[in-house]
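The structure appears below as structure tokens.
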Amino acid sequence: VNLESVEVLLEQVGELEDAILRTRRFREERAKKNRKLTKKRKREEYEKQAYFTPTPEDSETSRNNRETAKKLKTTLYSDTSTTPNKMVVEEEKPKEKVEIPKELQDEPEIPDNVRLGEEGWKERYYLQKFHVQLSRDPEF
């Protein structure tokens, strides 16, 4: 076995591996960014559907409802057996916050201490995995 040839081969494989890791990291970052944007859009669409926002077409319906409510109140108050003070009015409860489904919620970030594909990733990897600094122990 020619050790010099093996060493040259391993160096070339290492350089190729670095290039592969850089492109992989770039693609993962781009995909992560796209997933966040997609989740944000879906969450906004979900929230828009969850809350009713009146439109100009609804104003006439709203006006009719108010008129009907006024008529109902006048008929209720006109009854002599019941006065407005004795009527039980149910308090309006504040609107509950709409719960966003889990698949639309943001995922917690997992820290990447090695940062594969960035400059110096090998040193960080060996330090984290084996607690050895390559600069101090190059034979490792």
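The values are calculated or read from the model by the stated rules, or taken from the named source; none is laboratory data. Computed from a predicted structure; not experimentally measured. Reconstructed Cβ throughout: ideal geometry from the backbone, glycine too, with neighbour counts over all protein chains shown. Calculation scope for accessible area: heavy atoms of the full protein, side chains included, ligands and nucleic acids excluded. Shrake-Rupley method; radii C 1.70, N 1.55, O 1.52, S 1.80 Å.
Yes or no: V89 open to solvent by 100 Å² or more (accessible area, probe 1.4 Å), farther than 30 Å from E139 by Cβ, at pLDDT below 85 and among the aliphatic types (A, V, I, L, M)?
yes
When you scan segment 41-60, do you find a residue that is at pLDDT 90 or above, among the charged types (D, E, K, R) and either surrounded by 10 or more Cβ atoms within 10 Å (Cβ to Cβ) or more than 25 Å from the chain's Cα centre (by Cα) (or both), even just one?
Taking segment 41-60 first, the residues at pLDDT 90 or above are 41.
Applying the additional criterion that residues be among the charged types (D, E, K, R) yields 41.
Restricting the remaining residues to those that are either surrounded by 10 or more Cβ atoms within 10 Å (Cβ to Cβ) or more than 25 Å from the chain's Cα centre (by Cα) (or both) gives 41.
Checked against the condition, which is being at pLDDT 90 or above, among the charged types (D, E, K, R) and either surrounded by 10 or more Cβ atoms within 10 Å (Cβ to Cβ) or more than 25 Å from the chain's Cα centre (by Cα) (or both), segment 41-60 yields at least one hit.
Applying the selection to segment 102-140, what residues are open to solvent by less than 80 Å² (accessible area, probe 1.4 Å) and modelled with pLDDT under 70?
Listed by number, the list holds a single entry, L104.
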